[in-house]
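Worksheet for the structure shown next.
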Amino acid sequence: MRVAGVVLLVLLSTLPMHHVSGSATQTLGCPETIPLLPGQPTTVTLIQHDDDALDLEVWNTSEVQVQDINSTVADGIRTWTMSLTASLTMGVGHVDLTANLTDGSSILDACTIDLWVRPASALVLGASGQSTFTVNEGVTTQVAVNLTNVGSEPEEVHFTLETTSDWAWGWTLNGVRIEDPNVTVQPNELVYIGAWIDVGLVGVDGRPLFGTGPSFTLSATSSFDGRGATWSFVLGMEEVKRVALDLQVPNMPVAPGTDERVEVVVTNRGNVPSKVQLDLFALENDGTVVTGFEPIDRFQRDGWTVALFGALPDVSIDPGASRTFEVGLLAPWTDEGRMDVRVRAKIGAATQTVDIAGEIDLQRAFEVEDITVRCPDLEVDQACEIRAKVRNAGTYDDVATIELALNESSTGIVNMSVEQERVVLNHGQQREVLLARLSAHPDALAFGTATLDVNVGPEGQTLVHVKQLDLRIAPRVDWVFESISQEEDTRQRVSVTATLRNDGNVVDGLVVSMKASHGMEMGLIPPAGAEYEDDADPIRSFEVEGLPIGDNITLRAWFDLPSDEQVNGTVYVNLSVRSRYVPEQTFQETVIAPYLGVPWQEGASEQGFDLGVLAGQAWGLFQVTWHIVLAVGVATVILNRAVHRRAEQRAERANPTAEKRREETSEDWMAGFQTKQTAPAPAQSPTVDAGAFEQAFRNRSTPSPAPAPAPPVALTEAASVVLDVRTSQAAVERLDALAAALPPAPEATSDIDALLDDLDLG
């Protein structure tokens, strides 16, 4: 059969290449022999040592089928591949296959391939499936199986052994160790192939468990067709019993009359669940067991008591698992002594021992940790706690003495109240205790410092210095409004003067501002050295720095009373002072000033008096107590004078021939304000405080929205009388009526007369 363009890829392409005659430039490379299995396709590869586009002619018998001829070019070489399949009816033997490389008209190169048609391989192992062998730890084990070639052709057999175990192993052939597992097996020949395996030890985790172990898979493969056989086996570990003991504290100090427990860990190092037998032995000083001493779980000797706790003899421990038990040591009440104990653990025939020594130890020691002052700085009105953790580091229950000592420079700076000087602790016990409470002395300046030494030791022994604490006085900001006054002028402008004192313990500064309940003109008058906005008019706030402790500062402000309100009311002006050192701390004072509504301002103007003047006088009476007292005194004198004048008038009517009065005096001038109207019924003169008087003066007509309570009617009438003195004779009669109910008054002194003469009563 003639076929063009073939490249042959062979599974076993390592066979030697045969070249035949051809052109000098085109060389075709072919395998020498190709084994074929009837009915099984085999891929064959041919190499053309250039990349020319040529044809390939293949000549063969009809017993071999040629399919899938293809070519590829890479790196200047053309590769041809084809599939060859021998028929199932073809007998065993050799057949030649000829391949010609042509250009379409002539043969440029050619080669001949020997096709060996042979039967399939037939390898049989003496065992199959999976087998299990019991092995002992640490022993080298031999495992082997027979292999037979039941085919008619010699076979090149390749052996492999697969496992996940890290145990060491190697090959044996017919009982002899070999390195190369590749052997030729003739037809009907039997060989023994196997492996030697070093069995590992049972690990600390108990693995491999009893009856378990690693698995191995042995494979035998024909080099001809890859056919073969496999066999698996498992090496199951024999039963292993082993035990281990471990303890962290082999030497235990024990305080007299107290007990300690030593923890011991027992571990099952075998590969089967097992119960553990635990025993105690008393030992001599040389470490030998006391003669005649039988193993036991509890005993007493030389005043000591030794016992097992948590032994659990009837409970199994799994392989690799552990359990903790305790050996208790109760010491006698002696100053010194020692007890040596041996602990034995048994699992089957396996045993393990550890030795424990209990010794009486008289150590006295205390440790102090985490000594803390629970506040960064000390304040006057807030106690600062000092706490610490005290631990008994000795070997028996004891009492600790704690001493706190302030340094000499702390006098007048720190106040201390000691809370605890004696602490009772069991050995090993730790407790947090409150040592003392500290506070700043009231006279201490900010940032003043002091030190506190902490000394600790066993009661009755020398104390040990453990720590020095640094203390500091916290800054305290306290501004006090020492005084505040206000005065109203004729323009209804109220001037306010306030004095503040720095009662804190730190040099401070102030940020001063003002706010009002009404929209009106107002401003601050900054003191010398204050900072404020240059373009501020009026000034609503300013800052001042460097105000010493205990010094005063005077604040001045002004505001205009509302002049366009329709009803009477009250203005509230807040002077706010904020500390520069602690900006969040603010001090404030409120100034209260009543005002008249527009209708009442007009009414006052129609009655012929200056509202501003009267308001200023009334406000002055409110602010200065002696002014009020003086005003009341003057009113009283006027009433008394009116009473005397009324009596003189009555006497003159009764005696019309009386001599003509002497030169006119102020009293005579005031009598001209009498009227012939019927005098009102006598009214009792009320007693009022200055604030109510001033409120009545400003709000006598219409109720004010201000929160102050309304004055009594009698008080309002009394204030009206004072005003009416300047305007009408009716006032005199009203004063006469008020005076009628009063008892006779003594003659006024010359000083009072002079004062009345100076008064402009109109």
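The values are calculated or read from the model by the stated rules, or taken from the named source; none is laboratory data. This one's a predicted model, so the numbers in the text were calculated from it and none came from an experiment. For neighbour counting, all protein chains shown are included, and Cβ atoms are generated from backbone atoms with ideal geometry for every residue, glycine included.
General observations
- Meets criteria (of a type in the set (A, V, I, L, M) and either crowded, with 16+ Cβ neighbours inside 10 Å or without any contact (Cβ under 8 Å) to a residue 12 or more places away in the chain (or both)) for Ala307: yes
- Qualifying residue in region 548-556 (condition: acidic (Asp, Glu), at pLDDT 90 or above, under 14 Å from Leu510 (Cα atoms) and touching a strand residue (DSSP E or B) at 6+ places or on another chain (Cβ under 9 Å)): yes
- The C-beta contact set for region 164-177 (first residue under 7 Å from Trp196 (Cβ atoms), second residue small (Gly, Ala, Ser), distance under 8 angstrom, 6+ apart or interchain) comprises Trp169/Ala195; Gly170/Ala195; Thr172/Ala144; Thr172/Gly194; Thr172/Ala195; Arg177/Gly170.
- Filtered by the rule that a residue be closer than 21 Å to Glu57 by Cα and among the aliphatic types (A, V, I, L, M), region 75-102 gives Ile77, Met82, Leu84, Ala86, Val95, Leu97, Ala99, Leu101.
- Strands (runs of 3 or more DSSP E) (entirely within region 380-442) containing at least 2 residues that are within 17 Å of Gly457 (Cβ to Cβ) and not basic (Lys, Arg): 384-392, 398-406, 422-425, 430-440
- Segments classed as strands (runs of 3 or more DSSP E), wholly inside region 310-377, with at least 3 members that are in contact (Cβ under 8 Å) with a residue 40 or more places away in the chain and of a type in the set (Lys, Arg): 338-347
- Within region 444-461, tally of residues that are of a type outside the set (A, V, I, L, M) and either part of a strand (DSSP E or B) or under 9 Å from Ala405 (Cβ atoms) (or both): 6
- Residue within region 488-496 that is outside the structural domain of Val418 (by TED's automatic domain parsing), buried (at least 18 other Cβ atoms within 10 Å of the Cβ), among the polar types (S, T, N, Q) and free of Cβ contacts under 8 Å to residues at least 60 places away in the same chain present: no
- When residues in region 233-286 are screened for being of a type outside the set (A, V, I, L, M) and assigned to a strand (DSSP E or B), 16 of them pass.
- Residue under evaluation Ala144, criteria (1) free of Cβ contacts under 8 Å to residues at least 12 places away in the same chain; (2) in contact with a Phe, Trp or Tyr (Cβ under 8 Å, 6 or more places away or on another chain), criterion not met: (1)
- Selection of strands (runs of 3 or more DSSP E) fully inside region 72-135 by the criterion of at least 1 residues being within 60 Å of the chain's Cα centre (by Cα) and in contact (Cβ under 8 Å) with a residue 60 or more places away in the chain returns 130-135.
- When region 544-561 is filtered for residues that are surrounded by fewer than 19 Cβ atoms within 10 Å (Cβ to Cβ), part of a loop (DSSP other than H, G, I, E, B) and not β-branched (Val, Ile, Thr), the ones remaining, listed by number, are Pro548, Gly550, Asp551.
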